[in-house]
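Structure first, then comments.
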């Protein structure tokens, strides 16, 4: 899926409530609409449009098992995006993260925090041993965000992918191990605005609703 760029909009006042919940049946077409937006497809590893039929089949097959690894992010009760842990290996307890803001966030700086929330979910809730992320080199918003968060690069995993139009784009890899996690967490938090820092700490320690 890849990480999306953040488009700025008027920000919410201090005191906005950030919550997390598992994906639900009601999200079936919300995720399809978000994923097919031009803004998200541009920075996704697969940039072709997804048909209703293929998404419907995928969602129906995956929903029973993906709920604890596909998390909807809400602000004041309104869904604004999601993160997920993909390709989860139960034997090695490792996988890959993906994040996206389905709509421009009303909280400035939330886009930068999304990868951190995905990492916190993997290490603190799923007890991951390592987690990998992949960001397209053309993603001009997420690239500097990853650097600011201090997420370690894994250049040996870099590769090039072909897009729907036939052009080739570099896909850059990032990887964090469980041994690195506590240091990455504290360093990444310091790169967030005070409001987003407080919100992320709060949701990382909270219960994710069904």
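The values are calculated or read from the model by the stated rules, or taken from the named source; none is laboratory data. Computed from a predicted structure; not experimentally measured. So basically every Cβ, Gly included, is an ideal-geometry build from the backbone, and we count neighbours across all protein chains shown.
Details
- Segment 143-172, subset touching a residue at least 24 places away in the same chain (Cβ under 8 Å) and part of a strand (DSSP E or B), residue surrounded by the fewest Cβ atoms within 10 Å (Cβ to Cβ): 170
- Among (1) more than 21 Å from residue 71 (Cβ to Cβ); (2) out of contact with any helix residue (DSSP H, G or I) (no Cβ under 8 Å at 6 or more places or on another chain); (3) in contact (Cβ under 8 Å) with a residue 40 or more places away in the chain; (4) outside any loop (DSSP other than H, G, I, E, B), the one test that residue 140 misses: (4)
- Checking 99, 176, 184 one by one, the residue that is modelled with pLDDT of 95 or more, under 22 Å from residue 49 (Cβ atoms) and either in contact with a helix residue (DSSP H, G or I) (Cβ under 7 Å, 6 or more places away or on another chain) or not in a strand (DSSP E or B) (or both) is 99 and no other.
- If you check 95, 111, 102, 81 for being crowded, with 19+ Cβ neighbours inside 10 Å, within 15 Å of the chain's Cα centre (by Cα) and farther than 29 Å from residue 195 by Cβ, only one passes: 95.
- Residue in segment 61-77 that is nearest to the chain's Cα centre (by Cα), counting only those that are farther than 16 Å from residue 98 by Cα and touching a residue at least 24 places away in the same chain (Cβ under 8 Å): 74
- Within segment 73-82, the set of residues being touching a strand residue (DSSP E or B) at 6+ places or on another chain (Cβ under 8 Å) and either at pLDDT below 95 or farther than 17 Å from residue 39 by Cβ (or both) comprises 74, 75, 77.
- Test result for residue 56, outside any strand (DSSP E or B) and at pLDDT 95 or above: yes
- Matching residues in segment 118-127 - criterion: being under 16 Å from residue 146 (Cα atoms) and in contact with a helix residue (DSSP H, G or I) (Cβ under 6 Å, 6 or more places away or on another chain): 120
- Residue tally, condition in contact with a helix residue (DSSP H, G or I) (Cβ under 9 Å, 6 or more places away or on another chain), in a loop (DSSP other than H, G, I, E, B) and either buried (at least 16 other Cβ atoms within 10 Å of the Cβ) or at pLDDT below 95 (or both), over segment 16-48: 7
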